[in-house]
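Contents: one structure, followed by commentary.
The values are calculated or read from the model by the stated rules, or taken from the named source; none is laboratory data. On a predicted model such as this, the values are computed, not experimentally measured, just so you know. No Cβ is skipped: glycine too gets one built from the backbone with ideal geometry, and neighbour counts run over all protein chains shown.
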Amino acid sequence: MPITHYIILSLALFSIGIVGVLTRRNAIIIFMCIELMLNAVNLLLVAFSKMHNYAAIKAAADQKLPITEAILNTGSEGQIFVFFIMVVAAAEVTVGLAIIVMMYRNIHSVDVNFLNRLKH
Amino acid sequence: MKNALNIVYLIPLLPLVGFLINGLLRKHLSKSMISVVGCGTILVSFALSIVMFLQVKNGDGGTIEYFNFISVGELTIPFAFQIDQLSSLFLLIITGVGFLIHVYSTSYMQEEKPEHFGRYFSYLNLFVFSMLLLVMGANYVIMFIGWEGVGLCSYLLIGYWFKNNEYNKAANKAFVMNRIGDLAFLIAIFWIIAKTGGVNYGEVFAFAPKLSGTDATIITLLLFVGAAGKSAQIPLYTWLPDAMAGPTPVSALIHAATMVTAGIYMIARSNVLYSLSEVSMNVVAIVGLATALLAATIALKQNDIKKVLAYSTVSQLGYMFLALGVGAYSAGVFHVMTHAFFKALLFLAAGSVIHAMSGEQDIRNMGGLSKKIRITFITFLIGCIAIAGIPPFSGFFSKDAILLNALLVDSHDGSFSIKGIILYGVALFTALLTAFYMFRLLFITFSGTFRGTEEQKHHIHESPAPMTIPLIILAVLSIIGGLIGIPDAIVKGGDKFTEFLSPVIAQRAGHPVSHSTEYMLMGLSTVLVGITIIVAWRQYRNYKRKEATGFAKVLEDKWYVDEFYEKIIVKPLHNFGGFLKNVFEKLVVDGLVNGVGRMVNYGGRQFRLLQSGQVGSYVLLMVLSMVIIFLVQFFLRK
């Protein structure tokens, strides 16, 4: 499958996320949209990682070079990054959900438009 | 004696030390200590100057370099002193006459408070220091430092009694008018650097023949404007009479030993450059002569004893410039020397008169003083005879040399050119005016009956010895000072002065006149001066006070030159300043400054609306910004 498909899918996911963040007022939905954007990026990272890996192995095979460890590992940084993002996202979720809970306890609502006191 | 040049730096250094001691410790030293320091430093400098002079006379002058003062690119300006015939002569005049004036001051300023007394002497010492620097410098830059120094000191001393606002104005006037000349001098220095690549006299004069005619003319004219400012020539002369606001010994110092002779020194020093430009020479001669005549006419009707002497100085300086302009540099310098003697004498004697009259300066309130202050009278009389030019007093020889050289200008075969005859005629007429106003001053002051108040009459007394002894010494010098420059016609080889200066001053290649002609000219001027004195005597021996009318009134009011300058220059400048202050400052400058403030204020108020506190709007802006950055990156990046 060409890389373009992955890019378009991840762009679609990311755009949905942005639109969701911009238009929805429910804090939990906004939260989910943020997760959506993060995962769009994750998807893209994995796709590019695989693409580079495949290209490196194919180039080595074409030139009849021995397939070394280094060539096999090409592009693996992208996948490692994905794990990082997942860990950070998980941490973020715990903090974010805690905030939402506190917010609900205080104003009995999860509507972000009530939270316009940031300027004070 | 060859080593004497090694200690030449002491000559200017001692007055500087005197300035520092008197200036810094003026509140702690007694008056007698201040006097000893002030006079002592100048006396030692004078002694050293004599040593230098003798050495130069034996042909052992030279240039001593101390350190590199300025070094920029290819231009190096050393801090160096040049001791040659011209500078050693000026050293003698400055320190010698300066010393006598210092001694005189110790008595004249006795009534001042100790701290002001110290201030006065520190200024005097600084004045002498600056003037010494001016004449000793081996290049135009060192000369310029001294040049600025004397300008500053004249300001300080003219405004010495700073509580009187009129005196402060006179000091300002002197300073500002000098600045005009100084600017021209500075431009001339830059021009010299640009064209010759150096400022040392030796280099510049060696390069001079390669200068184009225009460059030589521009440089010399600019130098002349500088000299006109310092030496009080048309159109920058009006500060000098106003400089009378200072104490009388200061006037003597400014008029005789320092300051005003700086311009003459500078042109005499640059004689190589001037000889290259016919135009500049003519300008110098004509301006000098015009100044001499104008100032002499003004002096005819002045009633302040110091003002008469001041205009007489302006007039005599004009004479010197005439000499320089016709190429008779050594005659000009000779007149500087004799003038230093008799003008210092006249000023100090006038100071003695003022002292006797308890501060009165108006000669209409004097009269009949000759019997009461005998020494002052006799010395003043000697000064008058010397300045009038009666043989064998000093003024006669120098004035005669100038007159003869003026007559001989452009003369190659012994006949006189029309230009020469006109210059001679006007100069001779000015000499007669000089004799007339000086003897008018003498007769009104010293003969007839006393016209002041009873209290003044009771108080009249001869000045103490520290004042009379300098007078007597200067009187002797005024009598015999001219004998070193006796023209060849009288004593063969008698003109020792010109001979002495010949290594540094180019001699004019004129055709000498026959001795009989010279005798005739001398006789003519002497007889005419004698007649003038008799006329003055008949008219003024019994002076009655009367108001000046008609033309005399114009002369008394100094041809209204000050009023003319006031209208033409001062008023418009003042109005321009007012325009800048009231209109330009308020509208443009203030407008700009306030405008910046108002703009920031307005911008802040508008941008504040963005901070709504709505998280949604923040996120929207963030996304929009990101999109913009992305687009910029995507489309504009090469």
I need the full set of residues from the stretch B:199-244 which are outside any helix (DSSP H, G or I) and more than 20 Å from residue B:265 (Cα to Cα), in order please. B:211, B:212, B:238
Candidate set from the stretch B:35-57 (those that are touching a Gly at 6+ places or on another chain (Cβ under 7 Å) and among the β-branched types (Val, Ile, Thr)); member that is farthest from residue B:481 (Cα to Cα): B:37
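Just checking, which of A:72, A:97 is surrounded by fewer than 17 Cβ atoms within 10 Å (Cβ to Cβ), in contact (Cβ under 8 Å) with a residue 60 or more places away in the chain and out of contact with any Lys or Arg (no Cβ under 8 Å at 6 or more places or on another chain)?
A:97
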Subset of the stretch B:260-276, residues small (Gly, Ala, Ser) and under 26 Å from residue B:145 (Cβ atoms), comes to B:262, B:263, B:268, B:270
Please verify whether residue A:57 is modelled with pLDDT under 90, over 27 Å from residue A:12 (Cβ atoms), surrounded by 13 or more Cβ atoms within 10 Å (Cβ to Cβ) and away from every other protein chain (no Cβ under 14 Å), treating the condition exactly as stated. no
Assess whether residue A:99 counts as being within 14 Å of chain B (Cβ to nearest Cβ), more than 21 Å from residue A:19 (Cα to Cα) and either at pLDDT below 90 or in a helix (DSSP H, G or I) (or both). yes
Do we have any residue at all in the stretch B:407-416 that's modelled with pLDDT under 85 and either within 19 Å of residue B:309 (Cα to Cα) or charged (D, E, K, R) (or both)? yes
Flagged in the stretch A:31-54 as closer than 21 Å to residue A:12 by Cβ and among the aromatic types (Phe, Trp, Tyr), in numbering order, are A:31, A:48
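So, in the stretch B:58-76, exactly how many residues are of a type in the set (Asp, Glu) and touching a Gly at 6+ places or on another chain (Cβ under 8 Å)?
Number satisfying all stated conditions: 1.
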Residue list for the stretch B:39-79, restricted to those being in contact with a helix residue (DSSP H, G or I) (Cβ under 8 Å, 6 or more places away or on another chain), of a type in the set (Gly, Ala, Ser) and modelled with pLDDT of 90 or more: B:40, B:45, B:49
Of the residues in the stretch A:17-29, those that are at the interface with chain B (Cβ under 10 Å from one of its Cβ atoms) and in contact with a Gly (Cβ under 7 Å, 6 or more places away or on another chain) come to A:22
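Yes or no, residue by residue, for (1) in contact (Cβ under 8 Å) with a residue 24 or more places away in the chain; (2) out of contact with any strand residue (DSSP E or B) (no Cβ under 7 Å at 6 or more places or on another chain):
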residue: B:41; (1), (2): yes, yes
residue: B:45; (1), (2): yes, yes
residue: B:60; (1), (2): yes, yes
residue: B:67; (1), (2): no, no
residue: B:96; (1), (2): yes, yes
residue: B:102; (1), (2): yes, yes
residue: B:111; (1), (2): no, yes
Residue match in the stretch B:301-319 (condition: on the phi < 0 side of the Ramachandran plot, surrounded by fewer than 24 Cβ atoms within 10 Å (Cβ to Cβ) and touching a Lys or Arg at 6+ places or on another chain (Cβ under 7 Å)): yes
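Here's the yes/no breakdown for (1) within 14 Å of chain A (Cβ to nearest Cβ); (2) of a type in the set (Val, Ile, Thr); (3) more than 30 Å from residue B:431 (Cβ to Cβ); (4) in a helix (DSSP H, G or I):
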site: B:545; (1), (2), (3), (4): no, no, no, no
site: B:564; (1), (2), (3), (4): no, no, no, yes
site: B:571; (1), (2), (3), (4): no, no, yes, yes
site: B:591; (1), (2), (3), (4): no, no, yes, yes
Collect the residues in the stretch B:470-520 that are at pLDDT 85 or above, surrounded by 15 or more Cβ atoms within 10 Å (Cβ to Cβ) and not small (Gly, Ala, Ser), keeping them in residue-number order. B:470, B:471, B:472, B:473, B:474, B:477, B:479
Only one of (1) over 22 Å from residue B:88 (Cβ atoms); (2) out of contact with any Ser or Thr (no Cβ under 6 Å at 6 or more places or on another chain); (3) of a type outside the set (A, V, I, L, M) does not apply to residue B:269, and that is (1)
Please verify whether the stretch A:20-36 includes one or more residues that are closer than 29 Å to residue B:617 by Cα, surrounded by fewer than 15 Cβ atoms within 10 Å (Cβ to Cβ), in contact (Cβ under 8 Å) with a residue 40 or more places away in the chain and touching a helix residue (DSSP H, G or I) at 6+ places or on another chain (Cβ under 6 Å). yes
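From the list B:184, B:252, which one is among the aliphatic types (A, V, I, L, M), more than 30 Å from residue B:383 (Cβ to Cβ) and assigned to a helix (DSSP H, G or I)?
Answer to the selection: B:184.
So that you can scan it fast, the table gives a plain yes or no per residue for (1) among the aromatic types (Phe, Trp, Tyr); (2) modelled with pLDDT under 90:
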| site | (1), (2) |
| --- | --- |
| B:429 | yes, no |
| B:438 | no, no |
| B:444 | no, yes |
| B:449 | no, yes |
| B:452 | no, yes |
| B:460 | no, yes |
| B:467 | no, yes |
Test set (1) surrounded by fewer than 16 Cβ atoms within 10 Å (Cβ to Cβ); (2) away from chain B (no Cβ under 14 Å); (3) touching a helix residue (DSSP H, G or I) at 6+ places or on another chain (Cβ under 9 Å); (4) in a helix (DSSP H, G or I) - residue A:66 fails condition number: (4)
Of the residues B:627, B:600, B:554, B:596, only one is more than 55 Å from the chain's Cα centre (by Cα), more than 14 Å from chain A (Cβ to nearest Cβ) and not in a loop (DSSP other than H, G, I, E, B); which? B:600
Go through the residues of the stretch B:541-552 one by one and say whether even a single one is aliphatic (A, V, I, L, M), touching a residue at least 12 places away in the same chain (Cβ under 8 Å) and surrounded by 13 or more Cβ atoms within 10 Å (Cβ to Cβ). yes
Given the conditions (1) over 19 Å from residue B:147 (Cα atoms); (2) without any contact (Cβ under 8 Å) to a residue 60 or more places away in the chain; (3) crowded, with 20+ Cβ neighbours inside 10 Å, and given that residue B:219 satisfies all but one, which numbered condition is not satisfied? (1)
